[in-house]
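Have a look at the structure below, then the notes.
The values are calculated or read from the model by the stated rules, or taken from the named source; none is laboratory data. As the structure is a computational prediction, the values presented were derived from the model and not from experiment. All Cβ positions, glycine included, derive from the backbone under ideal geometry; neighbour counts span all protein chains shown.
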Amino acid sequence: MSTKSIRIKRYLPEQAEEAFWQRYEVPVDDSTSLLDALNHVKEELDSSLSYRWSCRMAICGSCGVMVNGIPKLGCKTFLRDYPDEVRIEPLAHFPVRRDLMVDMEIFLEHLAAVKPWLIDEASNAAEPNRQTPAQLARYKQFANCINCGLCYSACPQFGLNPEFLGPAAIALAHRYNLDSRDHGKAQRMPELNRHEGVWSCTFVGFCSEVCPKHVDPAAAVNQGKVESAKHTLIALFRG
Amino acid sequence: MQERDFDIVIVGGGGAGLRAAIAAAEQARKNGTHQRIALLSKVYPMRSHTVAAEGGAAAVTSAEDSLQAHFDDTVAGSDWLAEQGVVDYFVHHAHRELVQLERWGCPWSRQQDGSIQVRRFGGMKTARTWFAADKTGFHLLHTLFQTSLKYAEIERLDEYFVLDIAVHDGSVIGVIALQVASGELTLLRTKAVVLATGGAGRLFRFNTNAGIVTGDGMAIAYRHGVALRDMEFVQYHPTGLPGSGILITEACRGEGGILLNKDGYRYLQDYGLGPETPLGQPQNKFMELGPRDKLSQAFWQEQQAGRTGTFAGSDVVYLDLRHLGEAVLKERLPFICELAKSYINVDPVREPIPIRPAVHYTMGGIETDAECETRIKGLFAAGECASVGLHGANRLGSNSLTELLVFGRLAGERASQQAAQRDFADPHLIQEQAHRQQRSLATLCQGKSEENWVAVKRELIQTMESGCGIYRTEAGMRAALDSVRRLRERYRQVRVNDKSRIYNTELLECIELGFGLDIAEATCLGALERRESRGAHQRLDQDMQQRDDTRFLKHSLVFHHGDATAELQWQDVDVRFSAPAERVYGEAGSNTEGQRGARS
């Protein structure tokens, strides 16, 4: 087993006002993930290093960090793919609280703002709805978001204005709007129509590139723009 | 120190906790009362380990299936150690809970006509497992989380780490937690508490579980005098990835995947699960669709006989999915394809996946009655942390996702009803207990460590793996119990190096380790004292290799005694509907069922 050096941006607000870089040597083999490396640092080298993690199988969405400037899940990033230096920083565009821990509250607020639940009068019915595989396929991709927040770190608009709903929240709204069982689109559209809704997006598309689950939030935002335009036009004609 | 009042506090934001929170809110609305509900979790709810469940959730669905059959499968699967009244309640309420999830938007997989698709699962007589591709837990958790956002009366306390409950006069009166972001001690005064903190799989070195699965709620209830029940029954899932232990779902076999040893032979036919079923025609309760305990035991036997292969330093057998074809794999098992590719660089379309058993599920837990209440009034438990009595000595795959809905809902409703009848306790009573917590935190953070917590943790997980593995011996379990007791002594010398307050994750890991050591003692003691073989507890000792209903048709109850050693008692099992019989699968099983059918 060989070793590799990783550089981590540290921030310990109780000890210093400024963030600083620290270098660690970690053992690596072909299967070593960045999360494995962080756990090695924590248990063997420096127990003060703080970061989030849980499932280590890319489904809980806890361990997002910047790796050489790109948002990634630590558990699905392998050091074998980085022949040179690896720089690890907290997720961009979120307030940093300590080391790799960022404040995710604004992200949670944006998710909740789009009413991300099935809106249906008969929610207590005794029998399931029917939904064909084709109807399921319309929204399924957008239901695969793990709420890791990588797309917010990739989004230049969210970086400029944290009030922007952002890729994941818009994708989630879109997921319910496309669901054949849902009747809540009219309730969700005002939030999406706002300036901080779909229209803030300048279609950089980096959000979809970094998504570890291929949710393609950029497509959701774009389709959301079409829906929003339609919604506005219809409202206009109805006068 | 912050102090807050809530009618109900739910500890844990996974499937059971979220379901309980929603049920409590609905119950209060139904009664025309307003109750404030706290949903407290050490992580954001969608990080909870429910998210990693893959295969599905069981409920009798098709016209040919019957509640009796689901009951029989579960009771036989438990090796007759399940509480039969509880199983009966469970099978009756399973379907309506899955429908409720559907009505809340869960993207269940469908048949062409739009009705619910079900798949086969191990130990189940027929296909009755609802699924959402191979990310059922993920979709179930996110559906519940998103639905919970509708309820203004549910206030989430995200990233609050529970330290203790406050108990007075046999009733729960509060919860004491640490706000992770600030390190501030938080006192929640309450009238009812639901513990939904998950299992304790991280006690073992090689497991499928997330890092957070450390048994916190189990230890807290246990320290307050509630028994941990049936802790010796630890489920080894037969198919984990070598190295990491990442779960490869049983649904792979439900869809027709087969298990091969290093010679390419379907070895399960040699372990009472045959005859071999034709490729592409999986048959319930035969071969690869046998129950998890039997399959993990068969792996161990093959390993002893030298018929396992090796992969990255692990002994492995092979899960072959190639005959299912790329289209089926992409539709039904996309996550499995992604995991195998990412973590061991194997493409299941082209190669068999090397796998080995890994600790997966804690069958035992906090003893509750059939309505999820513990010996402490107002204290409920639901989901994997609880032992409501559903799983006995072996859980069937796809019963636990349904369990957390059925019993999460029940616990939430009962908590709401109890809270409506009780008053808040005098705040001084909680403050007193909080000061005790404050002192023990101060001790943990004081001075230099005489003992390294990482070393203690590593010894613990190694000890549990060697002493409480798939097959166990008297000497091995005795050694493990002694070792855990020594580790508990050593733990008292542990100090945290990081003295900061904000996001002190080292402190949290140390507290989790303390919880784990207590639970480990209960597990080892239960295992040692159960001098028979039943379900997931298999002994190699002479005269203990069979089930012994005369002496051990009993639940183990382990009670905590502070720093002294724990104490074990036995408790009768509810066998009101189905007398214990031989537990058989494969051809022998279908013969038995045929005979039973003829009698009735």
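Checked against (1) assigned to a loop (DSSP other than H, G, I, E, B); (2) out of contact with any strand residue (DSSP E or B) (no Cβ under 9 Å at 6 or more places or on another chain); (3) farther than 20 Å from residue A:212 by Cβ, residue A:48 passes all but a single condition, namely (2).
Restricting attention to the range B:347-370, the residues that are closer than 29 Å to residue B:533 by Cα and not aliphatic (A, V, I, L, M) total 11.
Would you mind stating whether residue B:108 is surrounded by fewer than 23 Cβ atoms within 10 Å (Cβ to Cβ) and at the interface with chain A (Cβ under 8 Å from one of its Cβ atoms)? Answer is no for this residue. Here B:381, B:327 are screened, and the one residue that is modelled with pLDDT of 95 or more and within 14 Å of chain A (Cβ to nearest Cβ) is B:327.
If you check B:516, B:535, B:562, B:526 for being on the phi > 0 side of the Ramachandran plot, assigned by TED's automatic domain parsing to the domain that holds residue B:458 and of a type in the set (Gly, Ala, Ser), only one passes: B:535.
Would you confirm whether any residue within the range B:568-580 is hydroxyl-bearing (Ser, Thr, Tyr), within 30 Å of residue B:288 (Cβ to Cβ) and not in a loop (DSSP other than H, G, I, E, B)? Looking for residues that are hydroxyl-bearing (Ser, Thr, Tyr), within 30 Å of residue B:288 (Cβ to Cβ) and not in a loop (DSSP other than H, G, I, E, B), one finds none in the range B:568-580, hence no.
Per the conditions (1) surrounded by fewer than 24 Cβ atoms within 10 Å (Cβ to Cβ); (2) touching a helix residue (DSSP H, G or I) at 6+ places or on another chain (Cβ under 7 Å); (3) more than 8 Å from chain A (Cβ to nearest Cβ); (4) not aliphatic (A, V, I, L, M), the sole criterion not satisfied by residue B:128 is (1). Among the residues making up the range B:532-584, a single one is surrounded by 12 or more Cβ atoms within 10 Å (Cβ to Cβ), without any contact (Cβ under 8 Å) to a residue 40 or more places away in the chain and basic (Lys, Arg): B:554. Cβ-Cβ contacts under 7 Å between residues 6 or more apart (or on different chains), taken from a first residue in the range B:206-219 that is within 11 Å of another protein chain (Cβ to nearest Cβ) to a second residue that is of a type in the set (Ser, Thr, Tyr), are listed as B:210/A:54; B:211/A:54; B:212/A:54. The number of residues in the range B:22-68 being within 14 Å of chain A (Cβ to nearest Cβ), assigned to a loop (DSSP other than H, G, I, E, B) and not aliphatic (A, V, I, L, M) comes to 7. Considering only residues of the range A:102-133 that are under 25 Å from residue A:51 (Cβ atoms) and in contact (Cβ under 8 Å) with a residue 60 or more places away in the chain, which is farthest from the other protein chains (Cβ to nearest Cβ)? So, considering only residues that are under 25 Å from residue A:51 (Cβ atoms) and in contact (Cβ under 8 Å) with a residue 60 or more places away in the chain, the one farthest from the other protein chains (Cβ to nearest Cβ) is A:107.
Which residue is farthest from the other protein chains (Cβ to nearest Cβ), if the candidates are limited to the range A:1-30 and must be crowded, with 18+ Cβ neighbours inside 10 Å and in a loop (DSSP other than H, G, I, E, B)?
For the range A:1-30, the residue satisfying everything is A:11.
When you scan the range A:47-57, do you find a residue that is surrounded by fewer than 19 Cβ atoms within 10 Å (Cβ to Cβ) and not assigned by TED's automatic domain parsing to the domain that holds residue A:212, even just one? No. Kindly indicate whether residue B:222 is aromatic (Phe, Trp, Tyr) and not in a loop (DSSP other than H, G, I, E, B). When the stated conditions are applied, residue B:222 passes them. What about residue B:478, is it at pLDDT 95 or above, closer than 24 Å to residue B:361 by Cα, surrounded by fewer than 20 Cβ atoms within 10 Å (Cβ to Cβ) and within 13 Å of chain A (Cβ to nearest Cβ)? When the stated conditions are applied, residue B:478 does not pass them.
Considered as a group, the residues in the range B:146-157 that are within 14 Å of chain A (Cβ to nearest Cβ) and either surrounded by 20 or more Cβ atoms within 10 Å (Cβ to Cβ) or in contact with a strand residue (DSSP E or B) (Cβ under 6 Å, 6 or more places away or on another chain) (or both) include one that is farthest from residue B:22 (Cα to Cα), and that residue is B:157.
Listed here are the residues, each with its yes/no results for (1) within 14 Å of another protein chain (Cβ to nearest Cβ); (2) surrounded by fewer than 16 Cβ atoms within 10 Å (Cβ to Cβ); (3) touching a Ser or Thr at 6+ places or on another chain (Cβ under 9 Å); (4) within 20 Å of residue A:31 (Cα to Cα).
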| site | (1), (2), (3), (4) |
| --- | --- |
| A:68 | no, yes, no, yes |
| A:72 | yes, no, no, yes |
| A:75 | yes, no, yes, yes |
| A:80 | yes, yes, yes, yes |
| A:84 | no, yes, no, yes |
| A:89 | no, no, no, no |
| A:93 | no, no, yes, no |
| A:100 | yes, no, yes, no |
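Please verify whether residue B:81 is over 18 Å from the mean Cα position of the chain (by Cα) and either at pLDDT below 95 or in the same structural domain as residue B:196 (by TED's automatic domain parsing) (or both), treating the condition exactly as stated. Spelling it out, it is not the case that residue B:81 is over 18 Å from the mean Cα position of the chain (by Cα) and either at pLDDT below 95 or in the same structural domain as residue B:196 (by TED's automatic domain parsing) (or both).
Looking at the range A:103-162, the helices (runs of 4 or more DSSP H) lying wholly inside it that each contain 1 or more residues that are aliphatic (A, V, I, L, M) and more than 26 Å from residue A:58 (Cα to Cα) sit at A:133-140, A:156-160. Yes or no: residue B:295 closer than 18 Å to residue B:396 by Cβ, assigned to a helix (DSSP H, G or I) and more than 24 Å from the chain's Cα centre (by Cα)? No.
Within the range B:350-378, the only residue that satisfies the criterion of being crowded, with 22+ Cβ neighbours inside 10 Å and basic (Lys, Arg) is B:356.
Can you tell me which of B:136, B:143 is touching a residue at least 24 places away in the same chain (Cβ under 8 Å), more than 11 Å from chain A (Cβ to nearest Cβ) and crowded, with 21+ Cβ neighbours inside 10 Å?
B:136
Within the range B:428-443, residues that are within 23 Å of residue B:493 (Cα to Cα) have Cβ atoms under 6 Å from residues that are surrounded by 16 or more Cβ atoms within 10 Å (Cβ to Cβ) and not aliphatic (A, V, I, L, M) in these pairs: B:437/B:164, counting only partners at least 6 apart in sequence or on another chain. Picking from residues in the range B:2-16 that are in contact with a helix residue (DSSP H, G or I) (Cβ under 8 Å, 6 or more places away or on another chain) and either outside the structural domain of residue B:409 (by TED's automatic domain parsing) or part of a strand (DSSP E or B) (or both), the one that is surrounded by the most Cβ atoms within 10 Å (Cβ to Cβ) is B:10.
Please verify whether the range B:406-422 includes one or more residues that are part of a loop (DSSP other than H, G, I, E, B), touching a residue at least 40 places away in the same chain (Cβ under 8 Å) and buried (at least 24 other Cβ atoms within 10 Å of the Cβ). No, there is no match, as no residue in the range B:406-422 is part of a loop (DSSP other than H, G, I, E, B), touching a residue at least 40 places away in the same chain (Cβ under 8 Å) and buried (at least 24 other Cβ atoms within 10 Å of the Cβ). A single member of B:276, B:232 is assigned to a loop (DSSP other than H, G, I, E, B), acidic (Asp, Glu) and buried (at least 24 other Cβ atoms within 10 Å of the Cβ), and it is B:232. Out of (1) at pLDDT below 95; (2) surrounded by 10 or more Cβ atoms within 10 Å (Cβ to Cβ); (3) of a type in the set (Gly, Ala, Ser), what's the single condition that is false for residue B:600? With (1) at pLDDT below 95; (2) surrounded by 10 or more Cβ atoms within 10 Å (Cβ to Cβ); (3) of a type in the set (Gly, Ala, Ser) applied to residue B:600, the lone miss is (2).
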